[in-house]
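This report refers to the structure that appears directly beneath it.
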Amino acid sequence: MKIFAIGRNYAEHIQELNNERPDEPVVFTKPDTAVLRNNAPFYLPGFSKDIHHEVELVLRVCKEGKNIEEKFAHKYFDAIGLGIDFTARDLQQKAKEKGLPWDIAKGFNGSAPLSDKFIPVSEFKNLKDINFSLQIDGELKQKGNTSLMLFSFDYIIAYLSKFFTLRTGDLIFTGTPKGVSAVKVGNVLSGYIENEKLLEFEVK
Ligand code: MG
């Protein structure tokens, strides 16, 4: 199983990190050892002092394919879940300044908490109008709507499949809206798609 993630897919999040707006999706991957399920606690690692939450919609790939045309891309994912793309912002910043890859800042153990439930695509009225959000200790921190994505689900699938064969079970994090910030020990993170709570876990 491969885990892809798209960076810089929401304009206001690009602004908050002073990044450039990309003309193609910014792609990175996480290893399968990054996944946390069953609302397992996230243990703050000792190597970073600035672990940021990034709540994201996650596509589940349901069919093998490569060089997929955008008009057929909708056939290649069947469900949408919620994930957190935890990011060691200090390590990422250091790597970015040197023009080096930031894998360790994104792919460390536990950096991809995932909802157990994935909602079938057929249950959404409009994939271009999905609300999702993150609360910390009951306070709203991030909220996004898929209408604000720079690159649509279909575009992302088509783009990724030019370089990587997509396989059933692969997951795609589709980018975070603005509002990222550092998490602390004791925080409880709750993630929602529309009004349904799909994730709830503690930072330890
Ligand atoms: Mg992200």
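The table that follows gives values for the structure above.
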{"item": "Residue list for segment 103-128, filter: under 14 Å from residue 28 (Cα atoms) and in contact with a Leu (Cβ under 7 Å, 6 or more places away or on another chain)", "result": "104, 105, 112"}
{"item": "Qualifying residue in segment 191-200 (condition: in contact (Cβ under 8 Å) with a residue 60 or more places away in the chain, more than 16 Å from the ligand (Cβ to nearest atom), farther than 30 Å from residue 71 by Cα and in contact with a strand residue (DSSP E or B) (Cβ under 6 Å, 6 or more places away or on another chain))", "result": "yes"}
{"item": "Some residue of segment 106-121 being out of contact with any Asp or Glu (no Cβ under 9 Å at 6 or more places or on another chain), buried (at least 16 other Cβ atoms within 10 Å of the Cβ) and over 19 Å from residue 169 (Cβ atoms)", "result": "yes"}
{"item": "Given (1) surrounded by fewer than 18 Cβ atoms within 10 Å (Cβ to Cβ); (2) more than 16 Å from the ligand (Cβ to nearest atom); (3) under 15 Å from the mean Cα position of the chain (by Cα), number of the condition residue 130 does not satisfy", "result": "(1)"}
{"item": "Among residues of segment 119-150, those that are touching a Pro at 6+ places or on another chain (Cβ under 9 Å) and outside any strand (DSSP E or B), counted", "result": "2"}
{"item": "Answer from 27, 35, 55 - the residue that is more than 28 Å from residue 186 (Cα to Cα) and either within 16 Å of the chain's Cα centre (by Cα) or hydrophobic (A, V, I, L, M, F, W, C) (or both)", "result": "27"}
{"item": "Candidates 142, 135, filtered to the one that is among the polar types (S, T, N, Q), within 15 Å of the ligand (Cβ to nearest atom), at pLDDT 95 or above and buried (at least 16 other Cβ atoms within 10 Å of the Cβ)", "result": "142"}
{"item": "Residue within segment 151-164 that is assigned to a strand (DSSP E or B) and not aromatic (Phe, Trp, Tyr) present", "result": "no"}
{"item": "Complete set of residues in segment 1-22 that are more than 10 Å from the ligand (Cβ to nearest atom) and surrounded by 13 or more Cβ atoms within 10 Å (Cβ to Cβ)", "result": "2, 3, 4, 11, 14, 16, 17, 19, 22"}
{"item": "Enumeration of residues in segment 119-171 that are within 20 Å of residue 189 (Cβ to Cβ) and touching a helix residue (DSSP H, G or I) at 6+ places or on another chain (Cβ under 7 Å)", "result": "130"}
{"item": "Cross-chain or 6+ apart pairs with Cβ under 9 Å, segment 35-48 first and under 16 Å from residue 91 (Cβ atoms), then among the basic types (Lys, Arg) and surrounded by 18 or more Cβ atoms within 10 Å (Cβ to Cβ)", "result": "48/89"}
{"item": "Only listed residue being over 26 Å from residue 127 (Cα atoms), within 16 Å of the ligand (Cβ to nearest atom) and aromatic (Phe, Trp, Tyr), chosen from 42, 28", "result": "42"}
{"item": "Which listed residue is more than 15 Å from the chain's Cα centre (by Cα), within 16 Å of the ligand (Cβ to nearest atom), aliphatic (A, V, I, L, M) and surrounded by 20 or more Cβ atoms within 10 Å (Cβ to Cβ), from 91, 82", "result": "91"}
{"item": "Where a residue in segment 65-81 is modelled with pLDDT under 95 and its partner, wherever it lies, is part of a helix (DSSP H, G or I), with Cβ under 8 Å and at least six apart", "result": "none"}
{"item": "The listed residue being in contact with a His (Cβ under 9 Å, 6 or more places away or on another chain) and under 26 Å from residue 193 (Cβ atoms), out of 38, 19", "result": "19"}
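The values are calculated or read from the model by the stated rules, or taken from the named source; none is laboratory data. Here the structure is a predicted model, which means the values were calculated and not measured. Ideal geometry is used to build each Cβ from the backbone, glycine not excepted, and the neighbour counts take in all protein chains shown.
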